[in-house]
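S.K.: Take a look at the following structure, please.
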Amino acid sequence: MNGRIVGIVILLSALIAGAALYYAQIYGFYDEVSAQAAEVELVSVGSNLPEAIVADGVSAIDADSSPIRYRACFTTPLSLAMLSETYVLTDHATPRNAPRWFDCFDAAAIGAEIEAGTALTFLGGKNVHFGVDRIVAITDDGRGYVWHELNDCGEKSYDGTVVGETCPERPQSE
């Protein structure tokens, strides 16, 4: 009888801990980003600096727990032809999954549009966090998506490879 009670207590504790961990990963760490803070920028070909673009209905989430958890959705009236002549295009950009409850951001669908050529990816900002670039995908019908992706310096830094002189100095933790 005592063994059964201990087993039930252990099972219930594991179930509660699992549910708490699931909640923390999927809901707990994310915060909605205000529309003003979620301004959409693209890096200009001419100045090599980020410039704000026209973006309507911006919805964004972020988490302090990781620099690559940022996701955003928006619409823009700007054409892909104009954007591709004015802003820096990127390649090899793969959207990262967002939590299911942030339903405007479907990484598989965005990736399929990029693969099909109905969406282009642009550099939204270089080193927005150390080793992390902001990527912006815009479809031919004006839907836009933003996420963060590790750049070469970030990949080297986080896998332990020597980063070299081409990478910026990594800020020290406080």
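What follows is calculated from the coordinates using simple rules that are stated; it is not laboratory data. What you are looking at is a predicted structure, and each value in this text was computed from that prediction instead of being measured. Methodologically, a virtual Cβ is constructed for each residue, glycine included, from the backbone with ideal geometry; neighbour enumeration extends over all protein chains shown.
S.K.: Return the tail of the calculated pair distribution for the stretch 32-159, meaning the percent of Cα-Cα pairs more than 17 Å apart.
M.R.: For the stretch 32-159, the fraction of Cα-Cα distances above 17 Å is 54 percent.
S.K.: Between the stretch 81-106 and the stretch 38-80, what is the separation of their alpha carbon centroids in Å?
M.R.: After rounding, the separation between the Cα centres reads 9 Å.
S.K.: Moving on to the next point. Give, as a single signed number, the net charge of other residues whose beta carbon lies under 11 Å from the beta carbon of residue 106, with Lys and Arg counted +1 and Asp and Glu -1.
M.R.: Local net charge: +1.
S.K.: Below 12 angstrom from the Cβ of residue 123, what's the summed charge of the other residues (Lys, Arg +1; Asp, Glu -1)?
M.R.: Computed value for this residue: -3.
S.K.: In nm, what is the difference between 0.36 nm times the number of residues separating residue 108 and residue 129 and their Cα-Cα distance?
M.R.: So the extension gain works out to 5.1 nm.
S.K.: If you take every residue apart from residue 33 with its C-beta less than 15 Å away from the C-beta of residue 33, what net charge results, scoring Lys and Arg +1 and Asp and Glu -1?
M.R.: It works out to a net charge of -3.
S.K.: Label points 7 Å out from Cα along the Cβ direction at residue 49 and residue 75: separation in nm?
M.R.: 3.2
S.K.: Okay, moving on. With a 10 Å radius around each residue's Cβ, average the other Cβ atoms per peptide and rank 49-62, 88-101, 119-132, 70-83, highest first.
M.R.: Listed from highest to lowest mean packing, they are 119-132, 70-83, 49-62, 88-101.
S.K.: Per-residue HN-Hα couplings for the stretch 65-75, Karplus 6.51 cos²θ - 1.76 cosθ + 1.60 at θ = phi - 60°, whole Hz, x for Gly and Pro?
M.R.: Running phi through 6.51 cos²θ - 1.76 cosθ + 1.60 with θ = phi - 60° gives 6, 7, x, 9, 8, 5, 9, 8, 10, 6, 10 Hz.
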